[in-house]
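The values are calculated or read from the model by the stated rules, or taken from the named source; none is laboratory data. The structure displayed is predicted, hence computed values, not measured ones. Using ideal geometry, Cβ is built from the backbone for each residue, glycine included, and neighbour counts are taken over all protein chains shown. Only protein heavy atoms, including side chains, enter the accessible area calculation; ligands, DNA and RNA are left aside. Shrake-Rupley method; radii C 1.70, N 1.55, O 1.52, S 1.80 Å.
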Amino acid sequence: MPKLSLLKEDGSTLVMTWAGKPFVAGRSQTADVYVSDSGVSRRHCEFRFEQSDWILTDLGSANGTFVNGQPVNSIRLHQGDRIQIGNATFQVVGKTPKGVATIVREVEQDLKGGKGHSTLKRDALRDAERRPNAE
């Protein structure tokens, strides 16, 4: 089962295991990830697992969702990304790695979709630079 680990500001780690439905973060007591902050909407954003990646999507929150300081509507998460909703900050510290078969399938789909080798190489280098301890 795919897992996503988020480091919370208090130093504890929140681990989410994909069970087929998105995890909602927000101020509502019924949110999967409860954030006690008036700057956070009741249903602020959601985490979902899609095509081998964790995706973070803002749910039309009043104050926005930020990843690495940039406002986002929807974004694929990477190791080391910093997520901010209201005054709460989380950092992606772990996620289930992709298997070789998944990576090969994605590259084949990208090639069939018209991406060239140079574009795929550039995308791979950009992803590697976003990871902590990238060389």
Pairs please, first residue from region 67-94 and closer than 19 Å to V24 by Cα and open to solvent by 60 Å² or more (accessible area, probe 1.4 Å), second anywhere and assigned to a loop (DSSP other than H, G, I, E, B) and not small (G, A, S), Cβ atoms under 6 Å, 6+ apart in sequence or on different chains. R82/N68; N87/D37
Could you give me the residue pairs with C-beta distances under 6 Å whose first residue belongs to region 1-17 and is open to solvent by less than 30 Å² (accessible area, probe 1.4 Å), whose second residue is among the β-branched types (V, I, T) and part of a strand (DSSP E or B) wherever it lies, and which are 6+ apart or on separate chains? S5/T13; S5/V15; S5/V93
Look at region 18-61 and say how many of its residues are among the acidic types (D, E), open to solvent by less than 50 Å² (accessible area, probe 1.4 Å) and more than 18 Å from T89 (Cβ to Cβ). 1
Somewhere in region 39-60, is a residue over 17 Å from L4 (Cα atoms), of a type in the set (A, V, I, L, M, F, W, C) and touching a His at 6+ places or on another chain (Cβ under 7 Å)? yes
Could you tell me which residue of region 29-54 is modelled with the highest pLDDT, considering only residues that are assigned to a strand (DSSP E or B) and over 21 Å from E9 (Cα atoms)? R48
Under 9 Å between Cβ atoms, at least 6 apart or on separate chains: pull out the pairs that start in region 115-131 with a residue that is part of a helix (DSSP H, G or I) and loosely packed, with under 12 Cβ neighbours inside 10 Å and end on any residue that is at pLDDT 75 or above and of a type outside the set (S, T, N, Q). H117/L111
Looking at (1) at pLDDT below 85; (2) of a type in the set (V, I, T); (3) under 18 Å from the mean Cα position of the chain (by Cα), find the lone condition where V67 falls short. (1)
Does any residue of region 71-87 turn out to be over 17 Å from W54 (Cα atoms), at pLDDT 75 or above, part of a strand (DSSP E or B) and not hydrophobic (A, V, I, L, M, F, W, C)? yes
